[in-house]
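Quick notes on the structure that follows.
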Ligand code: ZN
Ligand code: MN
């Protein structure tokens, strides 16, 4: 499945005249496997741990490649209130469930589209994406609060 997605992504980049470099490929591969909306730092750390040949990649290189992947519509960049960019390889229209205890973000599908045309938005403003962030407490945090509270303190949302 990942291979088919990577192949599609390669074609999409090629059509835009952009090369699928080994770096872009490994970042995308990681994002297709990890649908947990990681930050650039998470991606940097995990790729370094998982793929020794990419251990020397800097966070800046990762970040620049994420920007390219985002520019060509292969991934989405999302921001929570904590203000840290997180990356999502799920480019289907969907929303997010944000856990205010551990900071985890899960995908949430809602069948209705936001009525963009009915919103009286200033014509100078172009809407590129709309998603709703539903805030609450995830199942793990409800059942194992002591485990979750310490797992990702830096992503805790207040
Ligand atoms: Zn949680
Ligand atoms: Mn998502």
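A few remarks follow.
- For the range 45-63, the criterion of being within 23 Å of residue 132 (Cα to Cα) and assigned by TED's automatic domain parsing to the domain that holds residue 8 is met by none of the residues.
- The set of residues from the range 58-83 being within 16 Å of ligand 1 (Cβ to nearest atom) and surrounded by fewer than 18 Cβ atoms within 10 Å (Cβ to Cβ) comprises 81, 82.
- Taken over the range 106-128, the criterion of being within 15 Å of ligand 2 (Cβ to nearest atom) and part of a loop (DSSP other than H, G, I, E, B) is satisfied by 109, 110.
- Every residue from the range 39-76 that is out of contact with any strand residue (DSSP E or B) (no Cβ under 6 Å at 6 or more places or on another chain), assigned to a loop (DSSP other than H, G, I, E, B) and within 16 Å of ligand 2 (Cβ to nearest atom): 73, 74
- All positions within the range 77-105 that are touching a strand residue (DSSP E or B) at 6+ places or on another chain (Cβ under 7 Å) and in a loop (DSSP other than H, G, I, E, B): 80, 84, 90, 91, 94, 100
- Within the range 113-138, tally of residues that are under 20 Å from residue 77 (Cα atoms) and surrounded by 11 or more Cβ atoms within 10 Å (Cβ to Cβ): 7
- Residue 37, sole failed condition from (1) within 16 Å of ligand 1 (Cβ to nearest atom); (2) surrounded by fewer than 16 Cβ atoms within 10 Å (Cβ to Cβ): (2)
- For the criterion of being surrounded by 10 or more Cβ atoms within 10 Å (Cβ to Cβ) and at pLDDT below 75, residue 145 passes.
- Checked against (1) within 9 Å of ligand 2 (Cβ to nearest atom); (2) modelled with pLDDT under 95, residue 83 passes all but a single condition, namely (1).
- Filtering the range 89-105 to residues that are surrounded by 11 or more Cβ atoms within 10 Å (Cβ to Cβ) and either within 11 Å of ligand 2 (Cβ to nearest atom) or assigned by TED's automatic domain parsing to the domain that holds residue 34 (or both) leaves 89, 90, 91, 93, 94, 95, 96, 97, 98, 105.
The values are calculated or read from the model by the stated rules, or taken from the named source; none is laboratory data. Quick caveat, the model's predicted, so the values are computed rather than measured. Cβ: placed from backbone, ideal geometry, glycine included. Neighbour counts: every protein chain shown.
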